[in-house]
Structures are given as structure tokens and as C-alpha cells.
1. Can you tell me which of 371-381, 342-352 comes out highest on packing, and rank the rest after it, using the mean Cβ neighbours within 10 Å?
2. Run the quick spin-label model on A43 and V105: label points 7 Å from Cα toward the beta carbon, then report their separation in nm to one decimal.
3. Grab the beta carbon distance between Y74 and E132, set R0 = 30 Å, and tell me the FRET efficiency rounded to 0.05.
4. Here are several values of Rg/Rh (Cα atoms, Kirkwood Rh): [x] 0.99; [y] 1.01; [z] 1.22. Which one was derived from the coordinates shown?
5. Order the peptides 263-269, 114-120 from the highest to the lowest mean number of other Cβ atoms within 10 Å of their residues.
6. Can you compute the charge dipole magnitude of segment 29-119 about its Cα centre, using +1 on each Lys and Arg Cβ and -1 on each Asp and Glu Cβ, nothing else charged? Give it in debye, rounded to the nearest 20.
7. To the nearest 0.05, how large is the calculated FRET efficiency for R284 and L371 if R₀ is 35 Å and r is the Cβ-Cβ distance?
8. Express in whole angstrom the spacing between the alpha-carbon centres of segment 321-400 and segment 123-159.
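Here, each number is a calculation from the coordinates, and none is a lab measurement. These numbers come from a predicted model, not from an experiment. When we count neighbours, we look across all protein chains shown, and the Cβ atoms used for this are built from the backbone with ideal geometry, even at glycine.
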Amino acid sequence: MTRTAFRLILLVSCAHALVHVFELALPSVEQMIGTDLVGKTAAENKAATGTLGMAWRLPFGLLAMVAGWMADRYGSRRLLVVYLGGCILTAIAAANSHSMPPLFVSMLAMGCFASIYHPAGLSLISRVTTPETRGRALGWHGIFGSIGITAAPMGAAVLFGTGWLGWRGYYVALCLPAAVIAILLMVSIRRVSSTREPESEVGLVADENGPFQRGPYMLLVASGALSGFVYGAFLHFLQRYLDGSGIRPDSISAESFRNLLAAVTLSFAVGGQWLAGRMARPGRLEWLQVVILGSSAPCLVAMGCASGWMCLAAACSFAFIHFMTQPVYNSLIAQLVPARRRSTGYGFSNMICFGIGGLGPLVVGQSTDNLLIYGGLAAVVGLSTVLAAVLWWSTRSVSTGSSTPPPPENE
């Protein structure tokens, strides 16, 4: 991997961290928003903020296909600047919302701009790496994403613990790092003559324009969609789940403590991303995905049955294991889709996975029974594991068949 490619991966990974900060900003403050703008019972507040989560996540997924097409046409770097600028404007709009309807519109618009990141950023990284280095690069990319996921509740815990800012000020504070990364990306664009990332700009890249493996790709995306549903539900109500564990000391505010626990939980995702990035290599991706998904289902069952400190332990275990899927999944996308259409491939994948994932907060928001919620999510992960196993079997059959020598010809 060249030094130029490494610097580019680092910058894109910072943008990845920020998209997850914006994603997790709403779960970090959803209980405060419910109290401030809804002001009804806990169940009604949960249902209302679940609708806000759906408003953010649905366009985050459903527009990813369009974003991927635009990245292929206009260049990934330029689209990344648009994503950051749009999130800054919509975060300011959210901070100035004084009722649910304008906040709903702000979340919807923010999800639209955030949808740009994954197809543009992942495609850019896949184009500047080889199959041998891609797993590690995507592992670091995933680590930065997990750092962003952790930073959102950690920042909320610190800010709310001081009492300096409420949820409106929190959204304004998110604009500062986004503006810095946007400026760095604009400087990066000006340093090159094109935003289309030709091979000569970032170093030698292997020729990966083989045929599109449509069947395995669709199996992978179907498995990812079910996993995305669980991901969306888990993240949106994580603070609320941990808040119900009853372990908060009286000396710490509820707003600060639940976000602190969420930050601890999601810090385990960083370790999972790192380990998966080290393990993700060609030839082992398919079975690794099956093992990871299958191992995460019991953690969800434990979350449904746990109480007290065991709630935190079960949530940490799930975060560590389930987030391992991301570098493996993204490496599989790059393996199945030719380089010239990879932005669109990532875009379609994110459209389905995050689009279905957008329904997670809405569905889970209708119940307050943890055993029903997390037992149901475990069943969804189980179905995702079955699809991943079918993918492994199908690709294994193809590779076995292709490696079988032809029978000798009769002379």
C-alpha cells in the first residue's frame, strides 16, 4: 500500500467515523427529545422517537443506490464533501426545531445526505487497495466507524454530565469536526486534476474487472439486510435498554450515565472490527461471515433475559461479535462486484441493508418487553446466518467445481 493510498484511507475513515457520530446522535438524545417535545408516557415517547429513527435510517439506506451511481459518475471525493456539508446544515436545522414535525424533516434530510458516505467511501477504499491489503484497510475503516459510534454517546455523556449543553447544543457541536474533515477533503480534491480516482493517482491497483457474481451477491445482500435490521434496532434503543438495567449511582445524572454505558458497550465493537480486519483474507471470508453471525444470536437472547450488570455484559458481547461482520461483509462485496461498478454495488447493498435497518427502530419501538424484542432479533440473526451459510455453500461448490481437473480425453 502506497503512502498516498494510506493517507487517503485515513481521511476517508475519519469521514466514516463522522457518519456514525451523526447516526448515533439521535439515540444519544432520543429520551431527552421525547421528554422535551413529546412529553407523554415512556411508551408513547419511545414510539415517537422510534419514528424519528425510522425517518433518519430509511433515506440513509434507500438513497444509497443513487449515491453510488453519482459517485461512479462524479467522483467519490466530491460526493463526500456534499455529504458532510449537508449533515452540517441539517444538524443546525435539528437544533432549531421546537416541535416534532420540523425535527422529523431535519432527520429525514440528514439521513439523505448521510446516505452518500458508504457507497462513495467504501468504493474509494476498494479502488486503492488490492485483495491482499483490502481486509486490513477495511478493518481500519471499520475501527474508525466504531470509534465514531462510541464517540457519539461518550461525547453526550461528557457534555450532559457538565450541564453545559442540552440536546440542541449537542447537534451544533457535531458540526465542528464535520467542517474540519470537509475542508481537508476539499484540499485533497484541489491537489489532483480529477475526482474520479484513476489508478495513477493512488498507486498500483490490481485489475479486478471480472464478471459480476450476481447470485452470490444477492444472497450476501439478503443476509446483510436482516443483519441491518438488527443493527438499527440495537443501536437506536441501546441507551434506553441500558438505562433500564437499574445500575446507575445516584451521584450521576441519567442522561450522562446511560450514554457512558453505551460508549463502553460500543468500544467493544472497535476490538471486534480490529480482529475481523486481521482475519479477513480471500478464501476465508464466506465461512467467517457464517461463524460471526451465528455467534451473535446467543448474545441477543442473553440481552433479553439479563438484568442489572448482566445487561451491560450481554450488550458488550453482542457489540464485539456482531460488528465483526462489517469488514468481512464489505470485503465480500468487493470480491463479488467488478471495480468499475463497485460504487453502485456498495450503493445497492447499503440501500437494502440500511433501508431494511430503518424499520428496526419503528418495529422495536412498539414494544417494551425485552425478552420479546431481543429474542425476536436473535431469530432474525438466525435467518441471516442461514443465508450466509447458503452463500458459503454456493461459492464453495463453484470453486470446487472449477478446481476439478477435466477428465482425460480418449485418444
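1. Working: 371-381: 19.5, 342-352: 25.7.
Those peptides, ordered most packed to least, come out 342-352, 371-381.
2. That separation, rounded to one decimal, is 3.2 nm.
3. Working: r = 30 Å, r/R0 = 0.98.
So, using R0 = 30 Å, E works out to roughly 0.50.
4. [x]
5. On the way: 263-269: 22.7, 114-120: 29.3.
Listed from highest to lowest mean packing, they are 114-120, 263-269.
6. Working: 6 positive and 4 negative charges, 51 e Å.
That gives a dipole near 240 debye.
7. Calculated transfer efficiency: 0.50.
8. Their Cα centres are 18 Å away from one another.
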